[in-house]
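Accompanying notes for the structure given below.
The values are calculated or read from the model by the stated rules, or taken from the named source; none is laboratory data. From a predicted model like this one, the values you see are computed outputs, not experimental measurements. Note that each Cβ is placed from the backbone with ideal geometry, even for glycine, and that neighbours are counted across all protein chains shown. When the accessible area is computed, the model is the full protein with side chains, heavy atoms only, and any ligands, DNA or RNA have been set aside. Shrake-Rupley method; radii C 1.70, N 1.55, O 1.52, S 1.80 Å.
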Amino acid sequence: MKKTLSLFSACLVTVGLFAQLPVSTTPSDRNVLLEDLTGIYCGYCPDGALKADQLKASAPGQIVIIGNHAGSYATPNGSPGHWDFRTPEGAAINSNSDPSGYPAGNINREVTNYSMKAGKTAMSRGYWATVAGQIITEPSPVNLAVEAYYYPGSNKLMVNVEGYYTSNGTGSDYLTVAVLQDDIEGYQSGMSGYPARITANNLYLHKDVLRKYLTSPVFGEEVSTTSMGELFTWSQEYTVAQVGTDVMPDITKMKVAVWLTEDAGYSPVITAVETNAAERPVGINEAASLNNLSIFPNPFQNNTTISFDLDKDQQIAMNFYDVTGKVVQQVASTNYSAGAHLIQFDGSDLQGGLYYVNIVAEDGIITRRIVLNK
């Protein structure tokens, strides 16, 4: 697992390597993060899922849903198909939300007059649309964009995030990146409350199920520079693994949700976005023979080290590009033996900013972002 969180003053140029990025620099309104507090033994929870999906359909591109299974209703009894969807992250969110009944939900983790308990964020499903409708009319100081992709037959999910501040923030914000999974067939009490989710096997399709936070700690990684015109990037290569003992991961059914909170700890969500994990287009194959790729430090000042392992002898070349696509440095194709290798990149003659490195192996190309701070 490799990750970087990088910050720099932005001059944004579209780069063809990442089709879903860069992030928009045009001011926009806030999006909604709905954390649906649910469980497989909650008889009214399918109706909660229905209301969440209806809300999402009413405001396309503005609603992100997370199925957060936690609490007694989410504790399986061991029967076949009674899946354990619980996660440590979900338990922490549930504890801070403090619902007095299920289904419940957090709308951007805001404390409102509709909260089930004073000072807490959980509210009944009947109020979700009202609160969400208010939030999506409010301006956001920051835009977010995310892409997630994998290669056929691979269990590695590459996630890239960008954020751009269209106005000044209030200080440090905190980034959370979460992996969700759709279309998990299993038991659910009260599934007649959402007939469209009932399968031919008379089971229920669970969607938007929280599987893992990629950021650490639970309440996000700090984005310390939040001034107007600032861009931050975050990247991680996640090797998809089973969470718990029940549900097998399916990378083709995964999506990634991203949001920013206003402060450290459990605090209001500024805005959120999501994307489905997409198979990388044919002809853009990431090298499978090159493993454990790491670039450290990143961001860096003048010099950084690219390390990797090869599972066989082969030719490796590297090309470094700026954001316009211009090649600024190259490492000629050289034969490397199987095993671990280190390559130094010297950026002392370059201007500070965002760069890309293409590592060309015999069976494909790996592209990563690097940030030079000066």
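For segment 285-295, state whether one or more residues are closer than 30 Å to GLY186 by Cα, in a loop (DSSP other than H, G, I, E, B) and in contact with a strand residue (DSSP E or B) (Cβ under 8 Å, 6 or more places away or on another chain). No: segment 285-295 contains no residue that is closer than 30 Å to GLY186 by Cα, in a loop (DSSP other than H, G, I, E, B) and in contact with a strand residue (DSSP E or B) (Cβ under 8 Å, 6 or more places away or on another chain).
Of all residues in segment 54-71, count the ones that are more than 18 Å from VAL179 (Cα to Cα) and in contact with a Phe, Trp or Tyr (Cβ under 8 Å, 6 or more places away or on another chain). Result for segment 54-71: 2. Scanning segment 50-93 for residues that are assigned to a strand (DSSP E or B) and open to solvent by less than 10 Å² (accessible area, probe 1.4 Å) returns ILE63, VAL64, ILE65, ILE66, GLY67, ASN68.
Scanning segment 295-326 for residues that are within 30 Å of the chain's Cα centre (by Cα), free of Cβ contacts under 8 Å to residues at least 40 places away in the same chain and surrounded by fewer than 13 Cβ atoms within 10 Å (Cβ to Cβ) yields PHE296, ASP311, LYS326. Every condition in (1) open to solvent by 20 Å² or more (accessible area, probe 1.4 Å); (2) of a type in the set (Ser, Thr, Tyr); (3) within 26 Å of LYS255 (Cα to Cα) holds for SER140 except the one numbered (1). Taken together, the residues in segment 94-112 that are out of contact with any helix residue (DSSP H, G or I) (no Cβ under 6 Å at 6 or more places or on another chain), open to solvent by less than 20 Å² (accessible area, probe 1.4 Å) and at positive phi amount to 1.
Summed over segment 180-204, the residues that are in contact (Cβ under 8 Å) with a residue 24 or more places away in the chain, out of contact with any helix residue (DSSP H, G or I) (no Cβ under 7 Å at 6 or more places or on another chain) and assigned to a loop (DSSP other than H, G, I, E, B) give a count of 3. Applying the selection to segment 361-374, what residues are open to solvent by less than 50 Å² (accessible area, probe 1.4 Å) and among the aliphatic types (A, V, I, L, M)? The answer is ALA361, ILE366, ILE370, VAL371, LEU372. Summed over segment 172-190, residues that are touching a Pro at 6+ places or on another chain (Cβ under 7 Å) and either among the small types (Gly, Ala, Ser) or surrounded by fewer than 22 Cβ atoms within 10 Å (Cβ to Cβ) (or both) total 1. In a residue-by-residue description of segment 208-215, the property of being open to solvent by less than 10 Å² (accessible area, probe 1.4 Å), assigned to a loop (DSSP other than H, G, I, E, B) and polar (S, T, N, Q) applies to at least one position. The listed residues are ALA264, ALA272, and the only one of them that is touching a residue at least 60 places away in the same chain (Cβ under 8 Å), under 18 Å from ASN106 (Cβ atoms) and crowded, with 23+ Cβ neighbours inside 10 Å turns out to be ALA272. When residues in segment 274-288 are screened for being at positive phi and modelled with pLDDT of 90 or more, 0 of them pass. Reported count of residues in segment 327-351, each being more than 18 Å from ILE370 (Cα to Cα) and either open to solvent by less than 50 Å² (accessible area, probe 1.4 Å) or of a type in the set (Phe, Trp, Tyr) (or both), is 3. Figure legend. Inter-residue proximity from segment 27-44: first residues in contact (Cβ under 8 Å) with a residue 60 or more places away in the chain, second residues open to solvent by 50 Å² or more (accessible area, probe 1.4 Å) and not aromatic (Phe, Trp, Tyr), beta-carbon distance below 7 Å, spacing 6+ or different chains. Indicated pairs: PRO27/PRO139; ASP29/THR137; ASP29/GLU138; ASP29/PRO139; ARG30/GLU138; ASN31/GLN62; VAL32/GLN62. Figure legend. Inter-residue proximity from segment 60-89: first residues over 19 Å from VAL32 (Cα atoms), second residues part of a helix (DSSP H, G or I) and open to solvent by 40 Å² or more (accessible area, probe 1.4 Å), beta-carbon distance below 7 Å, spacing 6+ or different chains. Indicated pairs: ALA70/ALA91. For segment 216-229, a residue qualifies if it is open to solvent by 30 Å² or more (accessible area, probe 1.4 Å) and out of contact with any helix residue (DSSP H, G or I) (no Cβ under 6 Å at 6 or more places or on another chain), and the qualifying residues are SER216, PRO217, PHE219, GLU222, SER224, THR225, SER227, MET228. Scanning segment 250-261 for residues that are more than 30 Å from ASP29 (Cβ to Cβ) and touching a strand residue (DSSP E or B) at 6+ places or on another chain (Cβ under 7 Å), which turns out least open to solvent (accessible area, probe 1.4 Å)? Result: ILE251. Among residues that are of a type outside the set (A, V, I, L, M, F, W, C), modelled with pLDDT under 90 and either open to solvent by 60 Å² or more (accessible area, probe 1.4 Å) or in contact with a His (Cβ under 7 Å, 6 or more places away or on another chain) (or both), ASN291 is not included.
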